[in-house]
1. Could you tell me whether any residue of region 77-91 is charged (D, E, K, R), under 26 Å from the mean Cα position of the chain (by Cα), under 20 Å from Gly260 (Cβ atoms) and open to solvent by 10 Å² or more (accessible area, probe 1.4 Å)?
2. Can you say whether Thr122 is open to solvent by less than 10 Å² (accessible area, probe 1.4 Å) and among the β-branched types (Val, Ile, Thr), as far as the supplied structure shows?
3. Collect the residues in region 61-76 that are under 25 Å from the mean Cα position of the chain (by Cα) and in a loop (DSSP other than H, G, I, E, B), keeping them in residue-number order.
4. Looking only at helices (runs of 4 or more DSSP H) that fall completely inside region 150-269, which ones have 3 or more residues that are hydroxyl-bearing (Ser, Thr, Tyr)?
5. Would you check which residues across region 373-405 are over 22 Å from Arg254 (Cα atoms) and basic (Lys, Arg) and list them?
6. Select, from Lys379, Lys414, Lys404, Lys391, the only residue that is surrounded by 13 or more Cβ atoms within 10 Å (Cβ to Cβ), farther than 23 Å from Val313 by Cα and in contact with a Lys or Arg (Cβ under 9 Å, 6 or more places away or on another chain).
7. Starting from region 183-208, keep only residues that are farther than 23 Å from Asn145 by Cα and of a type outside the set (Val, Ile, Thr), then list their pairs with residues that are open to solvent by 50 Å² or more (accessible area, probe 1.4 Å) and assigned to a loop (DSSP other than H, G, I, E, B) whose Cβ atoms are within a distance under 6 Å, requiring at least 6 positions of separation or different chains.
8. So for region 94-117 (the condition being without any contact (Cβ under 8 Å) to a residue 40 or more places away in the chain, part of a loop (DSSP other than H, G, I, E, B), within 22 Å of Phe149 (Cβ to Cβ) and within 18 Å of the chain's Cα centre (by Cα)), does at least one residue qualify?
Amino acid sequence: MKYSNEELKLAIIGLGYVGLPLAVEFGKKRDVIGFDISKKRIDELQSGTDKTLEVEPELLESAKGLHFTYDVEKLGEANTYIVTVPTPIDAFKKPDLTPLLKASEMLGSVLKKGDIVVYESTVYPGATEEDCVPVLESISGLKLNRDFFVGYSPERINPGDKNHRVTNILKVTSGSNSEVAVTIDSLYKEVISAGTFLASSIRVAEAAKVIENTQRDVNIALINELSLIFNKMGIDTLEVLEAAGTKWNFLPFRPGLVGGHCIGVDPYYLTHKAEAIGYHPEMILAGRRINDNMGRYVVGQLVKAMMKKKIHVNEANVLVMGLTFKENCPDLRNTKVIDIINELAEYGVNVDVYDPWVSIEEAQQEYDITPIDQPKIGKYDGIILAVAHDKFKCLSSDDLNSLKRENSVVYDLKHVFSKDRVDIRL
């Protein structure tokens, strides 16, 4: 197999947080098919709007070579496919490869001799060759490294981050043989100004991706556990971290909820594979347990504080500020704020959820929650600042106090407000 870059006819499969920014960058340089199974998503993008807010209208407009479609037959016009579909976990915290395998089935139906399929979705080491390739071979009747080729180049998208974007984040690449690996690496170099790192194998590239967020997860779990300890000792965690942070090699992690499509999910892909080969991972799963239980811990602290102030918890009104998994973006995937909301409901609390970044329709569809348009003046027995949106950071003391009843509790999970303005900080 030998393709020059000019001979590669590219299609991006999946136009979400990962696929669309990549498709736009390639669309500035070459003709690209942008494919998504959702007609609604294609119609939206063709109208020049991206509901994820990752790509501004002017950037969409600048990608003159990008053509959107939901028609599978159009994919037959390409010979190189980059797959950027989600890889979630199921209700039992096990990897759910359904979107990835469905995409592989679809590509198998259009695959031709000489074609290249590159996966970007986060998986455990071995998934590309052990799970996806057999589907491609079965549907197409073709054979890997004889008739077609695969690669893996893990996504490194950071939703809501306008500084670290797809072009200025170094890209790891790999291929099913040395020749196609070089071809894939060269393709990405067209748009990745930060450069590329050609891994020695697909499994190495898969493993590199899955440990990036596992490392962050374990570090945050440590800080969360320290926060639990310091709370019992009556010590302010942020003050401890600020003091410890004066040492040059202290890592600046902060306690909090660990959600999103990466940090709260990726470690389960690695632990699943580890257990499948007979190893029980202890530290990684311990970190996951700590982080997954933070919502329950937060509500427990709030309820205790309310009881100390003799606030009747059942039927109390609590405002939760923020629903997205991180600040200043509309991304609701795997948000752990939902754990707080569900735990409050167990206590019979009336919860108002306010988040100016969130699509009400999406919140209803994903979590059966209808966020309010604006908080009510003088209504709340408790306020939880759950997400550090810039709009919340701008709230004055008068703004915050106007929402509270005379006797109330304010809990700041993100250390947005000064210590004297709140009752509890995580």
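1. As a first pass, look at region 77-91 and keep what is charged (D, E, K, R): 77, 90.
Those left that are additionally under 26 Å from the mean Cα position of the chain (by Cα): 90.
Going one step further and asking which of them are under 20 Å from Gly260 (Cβ atoms), we end up with 90.
When the remaining residues are screened for being open to solvent by 10 Å² or more (accessible area, probe 1.4 Å), the result is 90.
Yes.
2. Values: open to solvent by less than 10 Å² (accessible area, probe 1.4 Å): yes; among the β-branched types (Val, Ile, Thr): yes.
Yes, satisfied.
3. So the first thing to find is which residues in region 61-76 are under 25 Å from the mean Cα position of the chain (by Cα), and the list is 63, 66, 68-70.
Within region 61-76, Ala63, Tyr70 meet the criteria.
4. Details: elements: 178-189, 202-233, 237-244.
Once the helices (runs of 4 or more DSSP H) in region 150-269 are filtered for at least 3 residues that are hydroxyl-bearing (Ser, Thr, Tyr), what remains is 178-189.
5. Correct list: Lys376, Lys379, Lys404, Arg405.
6. So the residue among Lys379, Lys414, Lys404, Lys391 that is surrounded by 13 or more Cβ atoms within 10 Å (Cβ to Cβ), farther than 23 Å from Val313 by Cα and in contact with a Lys or Arg (Cβ under 9 Å, 6 or more places away or on another chain) is Lys414.
7. Close Cβ pairs satisfying both conditions: Glu190/Lys29; Ala194/Leu170; Gly195/Leu170.
8. yes
The values are calculated or read from the model by the stated rules, or taken from the named source; none is laboratory data. As the structure is a computational prediction, the values presented were derived from the model and not from experiment. All Cβ positions, even for glycine, are placed from backbone atoms using ideal geometry, and neighbour counts span all protein chains on display. The protein model used for the area step is the full one, side chains on, heavy atoms only, and it has no ligands, DNA or RNA in it. Shrake-Rupley method; radii C 1.70, N 1.55, O 1.52, S 1.80 Å.
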